[in-house]
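The values are calculated or read from the model by the stated rules, or taken from the named source; none is laboratory data. Every value quoted in this text rests on a predicted model; they were computed, and no experiment measured them. Every residue, glycine among them, receives a Cβ derived from its backbone with ideal geometry; neighbour counts consider all protein chains shown. Accessible surface is based on the protein model in full, side chains and every heavy atom, while ligands, DNA and RNA are left aside. Shrake-Rupley method; radii C 1.70, N 1.55, O 1.52, S 1.80 Å.
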Amino acid sequence: RQGIGEPSVYHAVVVIFLEFFAWGLLTTPMLTVLHQTFPQHTFLMNGLIHGVKGLLSFLSAPLIGALSDVWGRKSFLLLTVFFTCAPIPLMKISPWWYFAVISMSGVFAVTFSVIFAYVADITQEHERSTAYGLVSATFAASLVTSPAIGAYLSQAYGDTLVVVLASGVALLDIGFILLAVPESLPEEMRPVSWGAPISWEQADPFASLRKVGQDSTVLLICITVFLSYLPEAGQYSSFFLYLRQVIGFSSETVAAFIGVVGILSILAQTVVLGILMRSIGNKNTILLGLGFQILQLAWYGFGSQPWMMWAAGAVAAMSSITFPAISAMVSRNADPDQQGVVQGMITGIRGLCNGLGPALYGFVFYLFHVELNEMAEVETLGKASKPNMANPTDESSIIPGPPFLFGACSVLLSLLVALFIPEHNLALRSGSHKKHSNGAQSHAHSPQAGGAEGKEPLLEDSSV
């Protein structure tokens, strides 16, 4: 095998850590470059850039996953990491090209899809959830630490050093894949010829979504995920920019905010989630997480003071238990060899939200005329960013963040739908659906597993 040692989860962990550590370093410089490049309608352009990237990732992920089944994981890890990190050095060379390449890089920016497939190749069914948890925790840890480091270096030495360092970390990641990562897909699992056909069903990004309506329980779960993750995806794309330029956080405070909320989220998803699942049950944990999400979005929407953002951030950390609880509900109540079907639908819906959410948030900011016109004046005076709602007669003094209130309404609908999800007596009909190994459509099943295509419901109430 090419690489160092046998393929392991730790190879995947290092790849993910380095990629997102590089991007985390750029959190502070990117906010500045974004406004300098698009001084008018900054939030709208930010939403469109991330929206295009998210939609392209959603459309391309199944095809890349299917191709990796034929040609192996290593080459596609190299491809996805390279194109995901390609925009980094362009930040200082040409900001316009930087944002253009970010948008188009969505075609290949699906490293997680290939990583999940890589992990599935080398783990047994009972080990997989732990392995995925380790990968996800590593991703969170990289984003907790790197923004603070990037903010400090930017303040002390300038943005250019941060961009150079991030580019170096990205190159290190590419070198690690080339030299150290062994191929995980066994030779006997790969076709003899590289010309092996890829079916449209394998490459169709909407394939998993078409199965949503075949079972009422699955439909309720997927609607819940869509309505709750849509505002979450939009929030991720614009929130740090919002804190920096509208609320008045300094670069260092934004980095500290990311670190604190990230650490609290990790604690919530490990310690608190386990306690809640044992004490109040799976469904009630989901409902509680959605309740916390409604509260934090409403607080973000109406809050105009920094302390309100910190308080809402603590609530946001608690709301992070929702998706793990939903995944656990499917995982615990479905047959181990079939749960990937429903997990794949949930993953597909989240991918769709990653494209729609940022565009929606950017458009709502634009509709409510939330702009960053004061940024240049404030920085010239050498002060921290001035809140955009200082004038009490301004409509933004009443509702500083309109998209967050739209998000709260969406999550409220999600909560109402989740009330109807049955918690017990769920069983997945064995062999009801054919599964594929691309990580974009499913990251909870073995790539070697298969079954017959059928039209039976995915989940059924066994009491019927």
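Side notes on the structure shown:
Residue by residue, here is whether (1) at pLDDT 85 or above; (2) of a type outside the set (G, A, S) holds:
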residue	(1), (2)
A311	yes, no
A316	yes, no
P324	no, yes
I346	no, yes
L360	yes, yes
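- Selected residue [outside the structural domain of T347 (by the TED database) and without any contact (Cβ under 8 Å) to a residue 40 or more places away in the chain] from S75, S57: S75
- Condition check for S113: assigned to a helix (DSSP H, G or I) and over 27 Å from P39 (Cβ atoms): yes
- Those helices (runs of 4 or more DSSP H) of the stretch 12-90 in which at least 2 residues are more than 25 Å from G348 (Cβ to Cβ) and either hydroxyl-bearing (S, T, Y) or at pLDDT below 90 (or both), considering only elements entirely within it, cover 27-37, 42-71.
- Failed criterion for A120 (all others in (1) under 19 Å from the mean Cα position of the chain (by Cα); (2) in a helix (DSSP H, G or I); (3) surrounded by 24 or more Cβ atoms within 10 Å (Cβ to Cβ) hold): (1)
- Residues satisfying the stated conditions in the stretch 268-296, i.e. among the polar types (S, T, N, Q), within 22 Å of the chain's Cα centre (by Cα) and open to solvent by 50 Å² or more (accessible area, probe 1.4 Å): Q269, T270
- Annotation: I16 fulfils all but one of (1) open to solvent by less than 50 Å² (accessible area, probe 1.4 Å); (2) more than 14 Å from I177 (Cβ to Cβ); the unmet one is (2).
- Considering L220, L185, L227, the condition of being farther than 24 Å from A141 by Cβ, at pLDDT below 85 and of a type outside the set (D, E) is satisfied by L185 alone.
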